[in-house]
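Please treat every number below as a calculation from the coordinates, not as lab data. It should be emphasised that the depicted structure is a prediction, and the values quoted were computed from it without experimental measurement. Ideal geometry is used to build each Cβ from the backbone, glycine not excepted, and the neighbour counts take in all protein chains shown.
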Amino acid sequence: MQDVPQHSILDQDLARAEIRRLWPSDRPEILGHFLRLDAENRRLRFGAPMSDDAVARHVREVMKGPARLYGAYADGRLRAVAELCLIETTTPPTAEAAFSVEPDYQNHGIGDRLLQRAITAACAWGVTRVLLVCLRENDRMLRLARNHAARLEMDADIVAASLTTPRLTRRARWRDRASDILGRIRLAFRAVPGSMPPLPPSYG
Ligand SMILES: CC(C)(COP(=O)(O)OP(=O)(O)OC[C@H]1O[C@@H](n2cnc3c(N)ncnc32)[C@H](O)[C@@H]1OP(=O)(O)O)[C@@H](O)C(=O)NCCC(=O)NCCS
């Protein structure tokens, strides 16, 4: 069983954590986020222990492939990442999703919001099935998967959780696209302190 972490951060601040799509220019921040994960959280995220070099290789590779990444920001830094990687040989179109939330920010609903964002993004991408693979001991991830009505297939050590994505309305598709565009605009403004246009909460 994993421990539920202690927090000094207000829940309401984390509930408002900005979520946006990540782009190749975000690579240093993505790497920084993964390097801030301790050994145990890295093991849970990748299914095996990962050195700093292996994490750096993973980030390089994933940014080159057919993938979409989303990140949650809190306290001015990227604190959580969702990865959606297209598995190109599958029918129906399937993407594998993976999530990481920095230990101090876990258990505040960020993982749940990122999973919801990944499901919406997958639909908009034409993906009808999202696959989540995690260690069987990963109670928190399994709880999230069950909360989103995933079908679980248990192996001795790992669990494959499969989610069928709902059909998106044209409006929801448009909102997904608009959210990506707004995120990009905010990224462009980030270089100028104080000039960042706000992201409507519903676009998280
Ligand atoms: C798994 C992970 C992504 C979840 O993100 P999170 O922000 O902590 O999750 P949330 O706060 O949105 O939700 C956690 C859920 O697990 C529950 N939970 C928390 N601690 C738990 C525990 N020890 N056992 C079982 N459930 C637990 C919470 O109550 C919540 O469920 P609820 O909404 O029904 O109450 C995050 O903890 C993480 O990054 N872990 C390390 C890396 C990892 O395991 N990645 C997954 C591999 S793909």
Among Ala172, Gly183, Ala17, which residue has its Cα positioned farthest towards the positive end of the charge dipole of the chain, with +1 placed on the Cβ of Lys and Arg, -1 on the Cβ of Asp and Glu, and the dipole taken about the Cα centre? Ala172
Pull out a ≥ b ≥ c, the square roots of the eigenvalues of the alpha-carbon gyration tensor of the chain, then state rounded if a/c is under 1.5, prolate if not and a/b is larger than b/c, and oblate in the remaining case. rounded
Let me know the charge dipole size of the chain about its Cα centre in debye, to the nearest 20, where only the beta-carbon of Lys, Arg (+1) and Asp, Glu (-1) is charged. 1080 debye
Quick calc: nm separation of the 7 Å Cα→Cβ label points for Arg173 and Arg27 -> 3.2 nm
Could you tell me the convex hull volume per residue, in Å³, taken over the Cα atoms of segment 53-128? 102 Å³
With contacts defined as alpha carbon pairs under 8 Å and 6 or more residues apart, what's the relative contact order of the chain in percent? 20 percent
Charges at C-beta only: +1 for Lys and Arg, -1 for Asp and Glu. How large is the resulting dipole of segment 25-144 about its Cα centre, in Debye rounded to 20? 220 debye
Relative packing of peptides 66-75, 111-120, 90-99, 180-189 - highest average C-beta neighbours within 10 Å first: 111-120, 66-75, 90-99, 180-189
What value, in deg cm²/dmol to 500, does the helix sum -39500 (n - 2.57) over DSSP H runs of n ≥ 4 give at 222 nm once divided by the residues of the chain? -12000 deg cm²/dmol
